[in-house]
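**Student:** Quick one: the structure is below, questions incoming.
The values are calculated or read from the model by the stated rules, or taken from the named source; none is laboratory data. Since the model is a prediction, treat every value here as computed from it, not as a measurement. Glycine gets a Cβ as well: all are built from the backbone with ideal geometry, and neighbour counts include every protein chain shown.
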Amino acid sequence: MDALLHRDALARFGHALSDPTRTQILLSLRRGASYPSELAERIGVSRQILSNHLACLRGCGLVVAVPEGRRSRYELADVRIGRALDDLMGLVLAVDPACCADSATQGCC
């Protein structure tokens, strides 16, 4: 049972990181909580696009909305998510540029 839970959690994390906008949101929130309007401006996307990505990240269990009056502040659901992102950014990968150049035909990445 634990293996299934771990696999599901990693798949959700991978799904979140597979999109550049969601990755930017998570990286921004690792520095601290933020309001949607601030996140949209910082990342350079519309509030509608940001809202869609926040809904995905909430559904994956990676972020939570904290109500503050009529507004909501977003933060990482667990501080360990921020530490995991820090660890991932510290990795140095030897990537074969030919592998990901045309992922549709190469079947990788």
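The rows are residues; the columns are (1) part of a loop (DSSP other than H, G, I, E, B); (2) modelled with pLDDT under 95; (3) over 8 Å from the mean Cα position of the chain (by Cα); (4) of a type in the set (A, V, I, L, M, F, W, C).
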site: 4; (1), (2), (3), (4): no, yes, yes, yes
site: 11; (1), (2), (3), (4): no, yes, yes, yes
site: 14; (1), (2), (3), (4): no, yes, yes, no
site: 21; (1), (2), (3), (4): no, no, no, no
site: 25; (1), (2), (3), (4): no, no, no, yes
site: 38; (1), (2), (3), (4): no, no, yes, no
site: 48; (1), (2), (3), (4): no, no, yes, no
site: 53; (1), (2), (3), (4): no, no, yes, no
site: 61; (1), (2), (3), (4): yes, yes, yes, no
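**Student:** Pull up the stretch 20-47, narrow it to residues that are under 13 Å from residue 62 (Cβ atoms) and in contact with a His (Cβ under 7 Å, 6 or more places away or on another chain), then point me to the one that is surrounded by the most Cβ atoms within 10 Å (Cβ to Cβ).
**Tutor:** Among them, the one singled out is 25.
**Student:** Pick from the stretch 78-109 the residues that are outside any helix (DSSP H, G or I) and within 15 Å of residue 27 (Cβ to Cβ): which of them is modelled with the lowest pLDDT? Explain how you work it out, then say what you get.
**Tutor:** Of all residues in the stretch 78-109, those outside any helix (DSSP H, G or I) come to 78, 90-96, 102, 107-109.
Remaining after also requiring within 15 Å of residue 27 (Cβ to Cβ): 90-91.
Working: 90: 88, 91: 85.
Of everything passing the filter in the stretch 78-109, 91 is modelled with the lowest pLDDT.
**Student:** Scan the stretch 74-85 and report the pairs whose first residue is crowded, with 17+ Cβ neighbours inside 10 Å and whose second residue is in a helix (DSSP H, G or I) and among the β-branched types (Val, Ile, Thr), with Cβ atoms within less than 9 Å and a gap of 6+ or a chain change.
**Tutor:** Final answer for the pair search is 74/25; 85/23.
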